[in-house]
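**Q** The following block contains the structure, expressed as structure tokens.
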Amino acid sequence: MSEPRTTSDLALFGRLLARGCTRAALATSLNGAPYASLVLFAVDVDASPLLLLSDLAQHSRNIAFDPRVSLLLDATQGHPDPLTGARLTLLGRALPTDDPRCLARFLAHHPSSAGYAGFPDFRLYRVAIERGHLVAGFGRIEWIDGPDFLFAPDASTLAVAEFEILRHMNEDHIDAIGHYARGLLGRSGAGWRMTGIDPEGIDLRCDGETARLDFLAPVVSPVLTPRAARAALVQLADVARE
């Protein structure tokens, strides 16, 4: 990702960072004191965070009294000095949701959660983002307003079609997915599958390894429909084969 320079660049940088994360440090309030815990993390098509939490967990009990939360997303892996790497802190309110599409999206990214997602003491939360604090690198630190962070164009058509697109790709174009992982991301191994598609890219998984591939520029933009998604995926496949 190129160095962000404008407010729009910063928001995009932070949003793509979030889309590539699978876990986060969740901070909640315990009797007015900060309480941090590790949680599995996914985002919706607009980049709103999704969390699947047990009612029995301390962080869930904290949220029941005070829904204000903070999430630290760490993209510093591989940096000799982690403090020179990118990270993002999101602030907002964790609100329960019974949207089956959001739950299915979370489970696609975290298939191991399917074994307990249906338990009565587990609940899906969608975090309404109010602000984000982005450290894009050494000396590049900015606040991002919530509306700027979220992907604003209406992507509901793509969201509804997402799981049919995933089914089609994973059943009929598994070779293309392998090209994405190996040719464009330099990953090894066989058995890569698509676990998500959003207006800005796709998510891949092979056993326990995950990968994020953003759409190339120029691309059919914005990717808001199945037709636009197909064009973007074909473009990725063509470049990967080259």
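What follows is calculated from the coordinates using simple rules that are stated; it is not laboratory data. What you see is a predicted model, and the numbers here were worked out from it, not measured in a lab. Quick reminder, even Gly has a Cβ in these numbers, built from the backbone with ideal geometry, and neighbours come from all protein chains shown.
**Q** Distance from a point 7 Å along Cα→Cβ of residue 97 to each backbone N in region 111-138: keep the residues under 12 Å and list them by number.
**A** Answer for this model: 124-129.
**Q** Further question: Measuring from label point to label point, each 7 Å out along Cα→Cβ, what is the residue 83 to residue 64 span in nm?
**A** 4.0
**Q** With charges only on Cβ, +1 for K and R and -1 for D and E, what is the dipole size of the chain about its Cα centre, in debye, rounded to 20?
**A** 280
**Q** Using alpha carbons only, how many angstrom separate the centre of region 221-241 from the centre of region 134-194?
**A** 12
**Q** Another question, then. Sort 174, 202 so that the residue with the fewest other Cβ atoms within 10 Å of its own Cβ comes first and the one with the most comes last.
**A** 174, 202
**Q** To the nearest 20 debye, what charge dipole does region 197-242 have about its Cα centre, counting +1 at the Cβ of each Lys and Arg and -1 at the Cβ of each Asp and Glu?
**A** That gives a dipole near 220 debye.
**Q** Taking R0 as 25 Å, what's the FRET efficiency between residue 117 and residue 38 from their Cβ-Cβ distance, rounded to 0.05?
**A** 0.85
**Q** Follow-up question, since we're still on this one. Averaged over every viewing direction, what's the projected area of the C-alpha convex hull for region 66-139? Give it in nm², one decimal, please.
**A** 6.7
**Q** For the residue pair residue 231 and residue 143, what label-to-label distance in nm results when each label sits 7 Å from Cα along the Cα-to-beta-carbon direction?
**A** The two pseudo-label positions are separated by 3.9 nm.
**Q** Can you find, among 88, 12, 63, the residue sitting farthest towards the positive end of the charge dipole of region 7-149, where Lys and Arg contribute +1 and Asp and Glu -1 at Cβ?
**A** With unit charges placed on the Cβ atoms, the residue in question is 63.
**Q** State, as an integer percentage, the relative contact order of region 1-71 based on alpha-carbon contacts under 8 Å between residues 6 or more apart.
**A** 29
**Q** If I build a Gaussian network model for the chain, linking alpha-carbon pairs within less than 10 angstrom, which residue out of 162, 171, 142 has the largest mean-square fluctuation?
**A** For the chain, modelled as a Gaussian network with Cα springs under 10 Å, the answer is 171.
**Q** Quick one: Kirkwood hydrodynamic radius for region 99-166, alpha-carbon pairs, angstrom, one decimal?
**A** 14.9
**Q** Suppose we take every Cα in the chain and form the convex hull; what volume per residue is that in Å³?
**A** Expressed per residue, the convex hull around the Cα atoms of the chain is 133 Å³.
**Q** Let me ask something additional. Calculate the dipole size of region 7-149 relative to its Cα centre from +1 charges on Lys and Arg beta carbons and -1 charges on Asp and Glu beta carbons; express the result in debye to the nearest 20.
**A** Dipole size: approximately 160 debye.
**Q** Moving to a separate point now. With N set to the number of residues, divide the alpha-carbon radius of gyration of region 7-149 by 2.2 N^0.38 Å and report two decimals.
**A** This ratio for region 7-149 stands at 1.03.
**Q** Can I ask one more? Can you tell me, using C-alpha contacts under 8 Å and at least 6 residues apart, the relative contact order of the chain as a whole percent?
**A** Result for the chain is 17 percent.
**Q** While we're looking at this one, here's another question. What value, in deg cm²/dmol to 500, does the helix sum -39500 (n - 2.57) over DSSP H runs of n ≥ 4 give at 222 nm once divided by the residues of the chain?
**A** -9000 deg cm²/dmol
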